[in-house]
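**Q** The structure's right below; bear with me while I get my questions together.
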Amino acid sequence: MAQEIRLPNLRDVRAACAIIRPHISKVERDDLRQASVCITVCGEIDPLITLIERAAHLRSHAGQWGLPGGRRDPGETCEQAACRELEEEMGVRQADVLVEGRLDDYVTRSGYVMSPVVVSYPSRGTASDEQTLLGTAQADPAS
């Protein structure tokens, strides 16, 4: 199941990403694992972002709400990892999203450096778009 959060409009999101782009704080530590999460902004006017509910049977973070994301593969950028995770967890094709920017890295209690990536998904207002993002999204890496 996915949850929606409403935002002002995509133009404002893009402007905010452009303003903070030169000021992004990146954490580079060899003792931490690298991961990315994807903040997906869907629609131009009155856009929304989605959260996923992780499957109840998972070993870690079962049943928790969060952003699509996970560990980076070797040689993968934070943007590539975020888009790959979005496709794996919600079925949104990487070719259908546009990377808008990043937010500051942060260190988690579980030993990761998490890199949030903002992407836009230009919904065409069709039922299939809403189904893709809101209908049955439940993060289950095994599926």
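Just so it is clear, none of the values below were taken in a lab; they were calculated from the coordinates. Keep in mind that this is a model prediction, so the values were computed, not measured.
**Q** Bin width 5 Å, alpha-carbon pairs only: give the P(r) of the range 1-85 as whole percents, running from 0 to the bin holding the largest distance.
**A** With 5 Å bins starting at 0, P(r) equals 3, 13, 15, 20, 22, 15, 9, 3, 0.
**Q** Find the centroid of the Cα atoms in the range 30-49 and in the range 54-129, then give the distance between the two in whole Å.
**A** 6 Å
**Q** Which residues' amide hydrogens lie under 5 Å from the amide hydrogen of Thr50, considering only partners 5 or more residues apart or on another chain, with H built in the peptide plane?
**A** It is Thr40, by chain and number.
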